[in-house]
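The values are calculated or read from the model by the stated rules, or taken from the named source; none is laboratory data. On a predicted model such as this, the values are computed, not experimentally measured, just so you know. We place every Cβ from the backbone using ideal geometry, glycine too, and count neighbours over all the protein chains shown. For the accessible areas, the whole protein counts, side chains as well, though only heavy atoms, and no ligand, DNA or RNA atoms are used. Shrake-Rupley method; radii C 1.70, N 1.55, O 1.52, S 1.80 Å.
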Amino acid sequence: MIALSVRDLSLAIGRTNIVDAISFDVAPGEVLALVGESGCGKSVTAQAIMRLLPAAIRQTGGEITLGATSLSNLPARAMRDLRGRQIAMIFQEPQSALDPLATVGNQIAEALRQPLAKVRAEVRQMLVEVGISDPDRRIDQHPFELSGGMCQRVMIAIALIARPAVLIADEPTTALDVTIQAQILALLRRLAAERQTAVVLITHDMGVVADIADRVAVMYAGRVAETGPTAAVFATPAHPYTALLLASIPRLSDVPKSALAVIDGQVPQPADYGAGCRFAGRCPRADRRCVAETPALRPVADGRLVACFHPVGG
Amino acid sequence: METILEITDLCVHFPGRGGAPVRAVDGVSLHIAPGETLGLVGESGCGKSTIANAAVGLLAPTSGRVVVAGTDIVGASPRLLREVRAQVQMVFQDPITSLNPRMTIGTAIGESLLVRGRAAGAALRARVGELLQEVGLRPDHADRYPHQFSGGQRQRVVIARALALRPALLVCDEAVSALDVSVRAQILNLLVALQARYGMAMLFVSHDLAVVRHVCDRVAVMYLGQLAEIAPRDALFASPRHPYTRALIAAVPDPDPAVQRARVSVPLVGEIPSPANPPPGCRFHTRCPVAVARCAVDVPALRSVGAAMVACHLA
Amino acid sequence: MRRISLGTALIFAGLLAFIVAAIGADVFASNDPLRQSLLLRLRPPGTATATAYFPLGTDDLGRDLLARILYGARASLMVAALSVSVSLLVGVTLGLMAGWFGGWVSIVAMRAVDTMLSIPAILLAVLTVAVLGPGFFNLVLVLGLTRWPRYTRVAYAQTLQVAALPYVRAAEMAGCGPGRILLRHVLPNIAGPLMVVATSEFGLMILFEASLSFLGLGIQPPYPSWGSIMSAGRQYVVRAWWLTAFPGACLFGVVLCVNLFGDWLRDRVDPRSQGR
């Protein structure tokens, strides 16, 4: 069973293609991480799923299906009804995503489209579930009275109270401190499993992916470079980009002051995307074919797909 | 013992909204030996950036002493401060706002040499070219403007600017936090290589423990304006003594699912209290998994335990 | 390449026409704007004699209206440009210093701004001219020295913002003095918003010059100004509409163009549309 399916999604600014035919599925209760560096297209993909793209960005192709409903041709009104009920989203800056003038309780009740008085018990229960201590007091407080971590818990409560099938989490812990991040990740993992919510987690942090994602899609310059079960991708990365990216992260287990692996050069700008593999310009394994032809995603070991002519170890 | 930076009983209080001052830094002492890298870690609001700014004289402390290369800079005249800053330079977090958008990077890098009369004309240009090469850029980049560079390249320019005066101490305030993973590795390698070549000391402020472990010799852990623990790197990571240090290390997600999922870490409960109203006794006791009654009353002093200095009654 | 819309092109054309007319007044005017001829009083537009042609007619002293409007444009441009320069210099200097040094410097500067802004501008100008006497230079001085507070406000707020940025911290660390920091690091980065203010002030200055000259406190007869032409034409509105209609239309058109240009400039310097 599949909660959310994205097929060949393409996005463009004007005539410049920024996301190129990406596909993925998420099952109920599963956490899929879209991971990549800035400019890889992970956040616009999330916005495209929510149909909340900025005016300058157009969807030029592909199909997004939520359960049995195709979102791409849904009227705006029907889409509005789906948001919050079937598919919800949480953001990087919880404090700016909340309405500063409304109380926590009112904002959560709004997700149920009910007055707070009518659903107060339910809202209170949700606050307990997201781990907010003293819910009877917090329910009537305003966002400025809460810390960043608590605001993110409130965001999660708003997102999940209507029991949506899919939760999009766009860098949900990036603005938080590590000890708070650990709390929020544990909370997301528990709620996704308990409520069988499919989670699409957008992040740049490989540590976060390793912590909670069941499957991962590594994105580079608007394409999926590699996708598969998290354990397999991290243990034996097949795409040279994934391998180098993992090797470039300082770890608590490596030799201090040793040279970290680096990826030479920079991520290309969308206007400079060539005909071939977009990583070819920085790839130590690239040859002439990589510059001329676009590698398609093809299966390798352990249920993985990789878009590379010369995968690592293959 | 010879030190390049010696901070004694530093307090920095800011006026708070509700009358009570925000005690951003409250009685911190630390020192850095020449050529040494001290890491300063902690979560937001712990006062680590405030210390970095006080160490270079960009912020006037409420009380305490900040001695840079033998000169106390607290209350120093602008003239004396200018002298001292030839010895200490800073790299900032955001490579976008760290460079004047209307000034070529060559002018920015050479500015300190020019205004201090160290070099001018062709000699200045040559020196700027050398500095650009040292950080992995080309001399002909000097005439370009910041917007023509990527984030990683800008941070290289910022480092070149900080190195122009050959400082004895480089203060890095979250210098790699705003960079992408692959670019962050480039900049970390550069900093380690430059330090090996020039032997300057570094105060490396970061919230990222793995990064701090990678570049530092000693590490100071801060919580709510005070030092929790300060110890040599290997001792700190191998046997953290303060419960907060332990929690902090445990909270860093390891980018290896096999390791990460095998860990039995209990996330720290509770929120970070406000520095305007810190808890009495040990400031960490409200979140501490091992706190006892005494912790809520007595302020623990920093004391030697093995190779470390720890502020905990139970260490 | 940025494409310029038709509307923007029209604004530029209007401004260019004004500036060219003002600078080249002696080239475009076929008649001397001061030469009177009582035989040719209040002739309608299009009047031709054996020796001269008056496309816009003549005024109550028989002078060529076109020539007077062209020379009036020159007066407008010079008064506006000079007074904007004076107030820009005074206002920006005060704003930069208040923003950078803070403390009593900012208290004194900003209270002076509040004081200036609470005095009715026209009244102040009338009083000053009454004391100093009318004339071109006094007019520039009065406008220049009463219109600086807006620049100070903008420069002050912008300086506070820019001074907090790391590159200004870095300039301090490099050893730059306040002068170099303000001129090389702060001023170039706050110039955009200041230019927007200067543009809207430029339009206002043109209106002020016309108003004061209308009241007889600006450019003195026999030299022409749009304000004084209209003032003289006021009593002949019914008999000789062209005396008020043409300079009025010029005034309206030029100030409108300046204001639209200001809006265009504002969009261009908006930090959100800049690549930073």
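Computed from the Cβ-Cβ distance with R0 of 41 Å, the FRET efficiency linking A:Leu252 to B:Asp298 stands at 0.80. With Cα atoms defining each centre, the stretch B:74-125 and the stretch A:164-205 are spaced 43 Å apart in the structure.
Structure remark: mean-square fluctuation, Gaussian network model of chain B, C-alpha springs under 10 Å; the largest value among B:Val22, B:Val299, B:Val84 belongs to B:Val299.
Using a simple spin-label model with pseudo-atoms 7 Å out from Cα toward Cβ, B:Leu314 and C:Val27 lie 8.9 nm apart. Using a probe of 1.4 angstrom, how much of the accessible area of chain B is carbon and sulfur, in percent? For chain B, the apolar C and S fraction of the accessible surface comes to 53 percent. Surface burial for B against C, with a 1.4 Å probe and both sides summed, reaches about 1900 Å² of accessible area.
Under 5 Å from the amide H of B:Val91 lie the amide H atoms of B:Val171, B:Cys172, B:Asp173, each residue being 5 or more positions distant or on a separate chain, with H modelled from the backbone and absent for Pro and chain starts. Here the calculated FRET efficiency for A:Thr69 and A:Asp287, from their Cβ-Cβ distance with R0 = 60 Å, stands at 0.85, rounded to the nearest 0.05. The listed peptides A:255-263, B:213-221, ordered by packing as a protection proxy, come out as B:213-221, A:255-263 (highest mean of other Cβ atoms within 10 Å first). Magnitude of the charge dipole for chain C, about its Cα centre and with charges confined to Cβ atoms of Lys, Arg (+1) and Asp, Glu (-1), is about 420 debye.
Averaged over its residues, chain A has an accessible area of 41 Å² per residue, based on protein heavy atoms and a 1.4 Å probe. Between A and B, buried accessible area from a 1.4 angstrom probe totals roughly 3700 Å², ignoring ligands, DNA and RNA.
Cut-off 10 angstrom, C-alpha nodes, Gaussian network model of chain B. Which of B:Ala120, B:Ala60, B:Ala231 fluctuates the most? Fluctuation is largest for B:Ala120. Looking at the stretch B:127-267, the DSSP beta bridges with both ends there are about 55 percent antiparallel.
Surface analysis of the stretch C:78-273 yields an accessible area of 45 Å² per residue, using protein heavy atoms and a 1.4 Å probe. Peptide B:260-270 is shielded by partner chain Cβ atoms: per residue, an average of 4 of them sit within 10 Å of its Cβ. How many angstrom lie between the Cα centre of the stretch C:194-249 and the Cα centre of the stretch C:1-66? That distance is 15 Å. Per residue of B:94-107, other chain Cβ atoms within 10 Å of the residue Cβ number 4 on average. Entry comment: accessible area of the stretch B:1-110 is 40 Å² per residue, from protein heavy atoms only and a probe of 1.4 Å.
The mean number of partner chain beta-carbon atoms within 10 angstrom of a residue's beta-carbon across peptide B:108-115 is 5.
Just to be sure I understand: of the beta bridges DSSP finds with both ends in the stretch B:54-209, what percent are antiparallel, rounded to 5? Percent antiparallel among DSSP bridges in the stretch B:54-209 is about 20. Shown in residue order for the stretch C:151-160 are the 3J(HN,Hα) couplings computed by the Karplus curve 6.51 cos²θ - 1.76 cosθ + 1.60 at θ = phi - 60°: 5, 4, 4, 5, 4, 5, 4, 5, 5, 4 Hz (x for Gly and Pro).
Residues of the stretch B:38-71 that bury at least 40 Å² of accessible area once all protein chains are present, compared with their chain alone (1.4 Å probe, heavy atoms only, ligands and nucleic acids left out), are B:Glu43, B:Leu58. With all protein chains in place and a 1.4 Å probe, the accessible surface of the stretch C:38-192 carries 71 percent carbon and sulfur. Placing pseudo-labels 7 Å out from each Cα toward the beta carbon at A:Ala27 and A:Arg163 gives an inter-label distance of 2.1 nm. Applying 1/(1 + (r/R0)^6) with R0 = 60 Å to the Cβ-Cβ distance of A:Arg195 and C:Val269 gives a FRET efficiency near 0.75. The DSSP beta bridges internal to chain B are antiparallel in roughly 60% of cases. Straightening the chain between A:Ala102 and A:Ala121 buys 5.0 nm, computed as 0.36 nm per residue apart minus the Cα-Cα spacing.
Given a 1.4 Å probe and the protein chains as shown, B:Asp256 ends up with an accessible area of around 50 Å².
Rolling a 1.4 angstrom probe over the stretch A:63-129 with all protein chains present gives an accessible area of which 51% lies on carbon and sulfur atoms.
Computed over chain B with a Gaussian network model linking Cα atoms closer than 10 Å, the most mobile of B:Thr107, B:Thr97, B:Thr245 is B:Thr97. Projected label points at B:Ser77 and B:Arg166, each 7 Å from Cα along the beta carbon direction, are separated by 2.7 nanometres.
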